[in-house]
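Each remark here refers to the structure printed beneath this line.
The values are calculated or read from the model by the stated rules, or taken from the named source; none is laboratory data. As the structure is a computational prediction, the values presented were derived from the model and not from experiment. FYI the Cβ positions are ideal-geometry reconstructions off the backbone, even for glycines, and counts take in every protein chain you see.
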Amino acid sequence: MRRTRLQPALGAALLLLASAWGATHGRRGIASSPTAAPDPCALLSPAEVAAVQGTPLVAAVPSAAGTLRTCLYRTRDPGRSVSLALAASDPQPGLSARQLWRRQFHPASPPDEDEKHAAQPVAGLGDEAFWINTPAAGALYVLRGPVFFRLSLGGLRDAKPRLERSKGLARQILLRLEARSTR
Amino acid sequence: MRLGGKRLGGKRCTGLVVFGALLAGGSAWGQASSTISTGAPSVAWDFQPVGGGTVVNVGIQDVCPPGLCDDHDLQVTLPAPAATYYQTMTAKLTLTYTWTSTLPTDLDLFAISPAGADHGPGSPDDTSTGPGMEVLTVTNPLDGLWHIRSVASLAPLPTGAHLVATLSVAPLPTAPPPPPPAPGAPAFLIYPAPNDCAAGQTPPACIQPAVGSTTASTHSAGEPSIGVDWKTGVSFIEAGNHTLRVTFNDALKPATAFWEDRRSPFSRVSLDPILFTDDGHYGGTNRTFASQLDGACSETSFTDDDATTWLPSQGCGLPAGVDHQTLGGGNYTATAPLHSAYPHAVYYCSQDIATAFCARSDDGGVTFGPGIPLYTFTTINGVDLPLAAGTCGGLHGHVRVAPDGSAYVPNKNCKDANNVSRPGVAVSTDNGLSWTVRTVPDAVALSPGSDPAVSAGLNNTLYFGYANGDGHAKIAVSHDHGLTWAKSKDAGTPFGIQNAEFAEVMAGDDNRAAFAFLGTPTAGDTQSADFLGVWQLYVAFTYDTGRTWTTVNATPGDPVQRGCIWNGGGSNPCRNLLDFNDITVDRFGRVLVGYADGCTGPCVTDPSQNASTGPASAQDALATIARQVGGRGLFQAFDGTQFGTNSGDIEGGGQLCYGDPGEGISGGPNCYPRDNH
C-alpha cells in the first residue's frame with residue numbers, strides 16, 4: 001500500500017479522528033442489522049481516505065440527494081475529498097437497487113449514438129462494476145448484493161490513477177458491506 | 001392505449017418497417033384512397049376488420065401489418081401550399097372513427113402526415129364494449145398524401161370501423177399587431193458570424209479558421225454558449241469546438257463586430273460544447289473556460305488572455321461517459337474553504353449514470369473535487385425520469401451561482417413533495433457539498449422540452465425562466481433560495497406566444513433581469529414534422545423584481561427557425577439548434593444573447609422553407625449574437641449612458657438617443673420618435 005509520510009501533528013489529528021469515527025460511525029455501521037440500509041459514512045475509515053488521497057480527513061458529512069444516501073469524506077485539502085453515494089436496497093417502492101442498476105447499465109433499448117453512456121466495465125469488483133469518466137470527476141459504480149454505490153475521488157488530473165485509487169477504496173467498502181451481510 | 005416507439009428522424013421505426021412496407025404495398029387489403037379538399041370537404045369510408053388478439057408492439061401504426069392495421073390513403077388538397085395557405089387561413093381536419101364490438105375493444109386511429117409525423121390516437125382512447133368512438137383533429141393539416149390507419153390495440157375479435165373525415169377552413173384571425181416598442185424599451189442588433197474566408201478574402205468580412213482547422217464552424221453552432229470579459233469587453237461564443245472571439249467597435253454606429261476563431265488546441269471533436277466566462281460580475285477573474293464532451297477524450301481548457309493562449313484543465317480521460325455538462329462559477333458562501341487558490345468556486349456538473357453530479361474546483365478549474373450527486377433518476381424507454389419526490393430527471397440546465405454563493409442547477413422535470421412533475425432547481429447553500437431539489441409550484445413539466453434557466457440578482461433574488469407544460473414562456477421569482485416562489489408570469493403574452501424553447505435568464509441589479517427565449521405564436525405540437533410555426537428570439541426585461549416584464553422581439557423579420565424544434569435528442573431534421581442558447585451581460589448592463597440561427601439566407605423570406613424538410617438554409621445553426629443597443633440594461637448605474645459609450649445609438653442616427661423615461665432622461669432633439677423621449 002502506498003503510504004504518504006505524515007507530519008506528527010497530522011498523524012495525531014488522524015488518530016483522533018479515527019477514534020471518533022470508530023465510535024460514532026464505523027463500529028455502529030458494521031454491527032448494525034443487515035436489513036438496515038448501510039451508512040455510507042461508515043464504509044471508509046479516515047486512515048483509508050488519507051492514505052489514498054494524501055491529505056487527512058476532517059469530517060465525514062452525510063446527506064441525502066434524492067434517493068441516494070451520500071457521504072462526503074472531507075479532507076483538509078477540500079479538492080481531494082471523496083464522495084460516496086449509496087443506492088438503498090429499495091430506492092423507490094417497486095424498484096430495487098439492482099433493478100435500477102439494470103435499467104441504467106443494461107437498458108432494454110440502446111440509447112442513441114450521441115447519448116449513450118460510455119461505461120467502462122471494471123473486472124473483479126463486486127457483482128459488477130463500471131467506470132464513468134468525465135473531465136472533472138470520474139466515478140466508479142459497484143453493484144454488490146442488494147445495493148450499489150458510486151465512488152468519486154477529487155483532485156486527480158488523470159483518469160488512470162483516479163480509477164486505480166477508486167478501486168482501492170471500493171475494495172474496502174465491499175469488505176465492510178460483506179461484513180455487514182454476514183452478521 | 002398509445003402504442004409507443006422510439007422516434008428516429010421524426011418517424012417511428014421498428015425492425016418491421018421493410019417487411020410492413022412490402023406487405024402494405026400489396027393489394028390484399030385493398031388500400032383504399034380518397035381525396036378531401038376545400039371544395040369537397042367531407043369524405044367517409046369503412047376500414048377492414050382488424051384485431052383478433054391483444055397487441056403488444058411498438059410503432060405498429062407505422063408498420064401497419066395486415067390483420068392488425070388497415071390503411072386508407074387520404075389526399076388533402078389545399079388551394080395553396082400549406083406554408084403559404086396557413087399564413088392567412090386556418091384549417092381543421094376532423095376524423096370521426098366509430099366501431100361496434102361485442103367484447104371489450106380498443107381500436108386506435110392514427111394519421112401519418114405527408115412529412116411522416118404521427119398524429120393520434122384519437123380521443124377518447126379507452127376500451128369499450130358496444131359502440132366505440134375516437135375523434136382525431138389535426139389543425140392546419142399539410143397538403144399531400146396522408147395515411148389514415150385503423151389499429152387494433154385490444155380487439156379480441158376482428159373489428160371493422162367507419163370513418164368520416166371533414167375539412168373545415170376559416171380565415172386566420174387577424175393577429176394583433178406587434179406592440180410598438182414602449183418608450184425606453186430595450187432594442188437589439190443582430191450580429192451573425194461571417195462565413196469562412198475564401199481564397200483572397202480577408203477578415204472582417206469573413207472569419208479565418210483557426211490554425212489547423214479547415215472551418216471556423218460558424219454554421220455548426222447548435223447549443224452555443226456566450227461570455228464577456230468585463231475587463232476588455234471582448235465577447236465569446238462557442239460554435240461546436242470552436243471558440244469564436246468577437247470584438248465590438250462601439251466607436252462606429254452601429255457598432256461593428258470583428259470575429260476570430262480562437263479555438264483551444266485542447267478542444268477536439270465535441271458532442272457537447274460549453275463555454276463559461278467567470279466574468280467580473282461578482283469579482284470574477286474573467287477567465288474563460290471551453291469544455292468539450294466528446295466520444296474519445298473529454299477536455300476542458302481555460303484562457304486568461306481572451307483566448308490567445310489556452311491551458312488544460314483537469315485531465316482528459318477515456319472514454320467520455322456522461323452527458324449535458326455545464327460549467328459555472330461564482331462566490332463561495334460565508335463558509336468558504338480555507339485553501340482556495342482562486343477567488344471563485346467553479347462548478348462542473350453533468351449527467352452521470354443514475355444521477356447528476358457537480359464537482360467543485362477551488363483552483364480556478366485546474367483540478368476538481370469529487371462529483372457529488374444532486375439527485376437520482378432512472379431511465380425508462382430511453383428517457384431519464386425522476387425516481388421519487390425530491391428528485392429530477394437526468395438532463396439539467398446550466399449551473400449558476402448567486403452572489404451569496406448559493407449554487408443552482410435548473411431542471412425541467414423534478415418531482416415535488418406530492419410526486420407531481422414540475423420544473424425546479426437543485427440548490428446548494430454549502431458550496432456544493434450537498435444539494436436539495438426545490439420545485440416551482442405553479443409550473444408544469446413539459447416533456448419533451450428544453451432546459452429551464454436560473455440567475456440571481458445582486459441581493460440574491462432568484463429568477464427562474466422555463467417553458468411551461470402549455471408551451472408558454474414563464475418566469476418565476478424567489479427571494480428565499482427557491483423555497484417559495486411568486487406566481488409565474490407569462491413573458492410571451494404581448495406577442496401571443498404559444499410555444500417557447502431555450503429559456504435563458506440573466507439577472508443584474510436585484511430588481512432587474514432579462515429572460516430570452518425562442519417563441520412562436522403558433523400553437524400545436526412543436527415536435528411534429530408538420531409544425532409550421534415561425535420562431536423569433538424574444539427578450540423580456542423586468543426592472544421591478546419580476547412584477548412586470550417588457551418583452552421585445554429581438555429578431556423582427558428574421559426568423560430563427562421555421563417549423564419544429566426537436567427536443568428528443570438523437571438525430572432529427574429539426575434538431576439543428578440542439579439543446580439551448582445562452583445569455584450574458586457586460587459590465588455596463590448590456591444584455592447579449594448567443595443563439596444559433598436556424599433560418600438563414602433564402603429561408604428568411606421564403607415561408608415554404610421548413611426545418612423538417614429543408615433545404616439547408618432552414619436547417620442552419622449559425623452562431624449569432626443579439627446585442628442590446630437601446631433601452632435600459634441590467635444595471636441602473638448605467639441608465640442613460642448608452643451602455644457606457646455616451647455616444648448615442650443607431651436608431652438616433654448618431655444622436656444621444658438613450659432616453660429613459662423611467663429615469664427621467666431625455667434623448668436628443670434629432671432622435672427618431674421612438675428614441676426621442
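Would you check if there is a residue in the stretch B:354-361 being in contact (Cβ under 8 Å) with a residue 12 or more places away in the chain, in a loop (DSSP other than H, G, I, E, B), surrounded by fewer than 24 Cβ atoms within 10 Å (Cβ to Cβ) and within 10 Å of another protein chain (Cβ to nearest Cβ)? Checking the stretch B:354-361: not a single residue is in contact (Cβ under 8 Å) with a residue 12 or more places away in the chain, in a loop (DSSP other than H, G, I, E, B), surrounded by fewer than 24 Cβ atoms within 10 Å (Cβ to Cβ) and within 10 Å of another protein chain (Cβ to nearest Cβ). Candidates B:GLY227, B:GLY240, B:GLY222: the one that is in contact (Cβ under 8 Å) with a residue 12 or more places away in the chain, on the phi > 0 side of the Ramachandran plot and not β-branched (Val, Ile, Thr) is B:GLY240. Apart from one condition, A:SER152 fits all of (1) over 20 Å from A:LEU57 (Cα atoms); (2) at pLDDT 95 or above; the exception is (1).
Among the residues of the stretch B:577-604, those that are part of a loop (DSSP other than H, G, I, E, B) and away from chain A (no Cβ under 14 Å) comprise B:LEU577, B:PHE580, B:ASN581, B:ASP586, B:ARG587, B:PHE588, B:GLY589, B:ARG590, B:GLY598, B:CYS599, B:THR600. Among the residues of the stretch B:61-93, the ones that are of a type in the set (Val, Ile, Thr), within 20 Å of B:THR613 (Cβ to Cβ) and touching a strand residue (DSSP E or B) at 6+ places or on another chain (Cβ under 8 Å) come to 2 in all.
May I ask you to list the residues in the stretch B:364-379 that are facing chain A (nearest Cβ under 7 Å) and either crowded, with 24+ Cβ neighbours inside 10 Å or out of contact with any strand residue (DSSP E or B) (no Cβ under 7 Å at 6 or more places or on another chain) (or both)? Passing the criteria: B:PHE368, B:GLY369, B:PRO370, B:GLY371, B:ILE372, B:PRO373, B:LEU374, B:TYR375, B:THR376, B:THR379.
Of the strands (runs of 3 or more DSSP E) that lie entirely inside the stretch B:367-440, those containing 1 or more residues that are in contact with a Leu (Cβ under 9 Å, 6 or more places away or on another chain) and among the aromatic types (Phe, Trp, Tyr) span B:372-380, B:407-415.
If I filter the stretch A:165-183 down to residues being among the polar types (S, T, N, Q) and away from chain B (no Cβ under 11 Å), which single residue comes out as farthest from the chain's Cα centre (by Cα)? Checked the stretch A:165-183; the qualifying residue farthest from the chain's Cα centre (by Cα) is A:THR182. Taken together, the residues in the stretch A:94-149 that are at pLDDT 95 or above and touching a Leu at 6+ places or on another chain (Cβ under 6 Å) amount to 6. Taken over the stretch B:79-95, residues that are modelled with pLDDT of 95 or more and in contact with a Leu (Cβ under 7 Å, 6 or more places away or on another chain) amount to 2. Within the stretch B:61-68, can one find any residue that is out of contact with any helix residue (DSSP H, G or I) (no Cβ under 8 Å at 6 or more places or on another chain) and either outside the structural domain of B:PRO41 (by TED's automatic domain parsing) or on the phi < 0 side of the Ramachandran plot (or both)? The answer is yes; a qualifying residue exists. In this structure, B:SER455 does satisfy being more than 17 Å from the chain's Cα centre (by Cα), within 23 Å of B:GLU223 (Cα to Cα) and either in the same structural domain as B:CYS564 (by TED's automatic domain parsing) or of a type outside the set (A, V, I, L, M) (or both).
Do we have B:THR285 as more than 14 Å from chain A (Cβ to nearest Cβ), in a loop (DSSP other than H, G, I, E, B) and modelled with pLDDT of 90 or more here? Considered against the rule, which asks whether it is more than 14 Å from chain A (Cβ to nearest Cβ), in a loop (DSSP other than H, G, I, E, B) and modelled with pLDDT of 90 or more, B:THR285 comes out as yes.
Residues in the stretch B:443-459 that are under 23 Å from B:VAL539 (Cβ atoms) and in a loop (DSSP other than H, G, I, E, B): 9 in all. Checking each residue in the stretch B:94-124 for being surrounded by fewer than 16 Cβ atoms within 10 Å (Cβ to Cβ) and either closer than 18 Å to B:ASP70 by Cβ or without any contact (Cβ under 8 Å) to a residue 40 or more places away in the chain (or both) picks out B:THR98, B:THR100, B:SER123, B:PRO124.
Let's see how each residue does on (1) surrounded by fewer than 24 Cβ atoms within 10 Å (Cβ to Cβ); (2) among the hydrophobic types (A, V, I, L, M, F, W, C); (3) in contact with a Gly (Cβ under 7 Å, 6 or more places away or on another chain):
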position: B:LEU577; (1), (2), (3): no, yes, yes
position: B:ASP582; (1), (2), (3): no, no, yes
position: B:ARG587; (1), (2), (3): yes, no, yes
position: B:VAL591; (1), (2), (3): no, yes, yes
position: B:CYS603; (1), (2), (3): no, yes, no
position: B:ASP606; (1), (2), (3): yes, no, no
position: B:ASN610; (1), (2), (3): no, no, yes
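Considering the conditions (1) surrounded by 15 or more Cβ atoms within 10 Å (Cβ to Cβ); (2) assigned to a helix (DSSP H, G or I), A:LEU175 is excluded by exactly one of them, (1). Look at B:TYR332 and say whether it is farther than 24 Å from A:GLY138 by Cβ, modelled with pLDDT of 80 or more, within 11 Å of chain A (Cβ to nearest Cβ) and touching a strand residue (DSSP E or B) at 6+ places or on another chain (Cβ under 7 Å). Judged against the criteria, B:TYR332 is a match. Across the stretch A:123-164, the number of residues qualifying as more than 10 Å from chain B (Cβ to nearest Cβ), surrounded by fewer than 22 Cβ atoms within 10 Å (Cβ to Cβ) and not in a loop (DSSP other than H, G, I, E, B) comes to 4.
Of all residues in the stretch A:47-71, those satisfying the criterion of being within 9 Å of another protein chain (Cβ to nearest Cβ) and of a type in the set (Val, Ile, Thr) are A:VAL61, A:THR67, A:THR70.
Of all residues in the stretch B:579-609, exactly one satisfies the criterion of being closer than 13 Å to B:HIS281 by Cβ and among the small types (Gly, Ala, Ser), namely B:GLY589.
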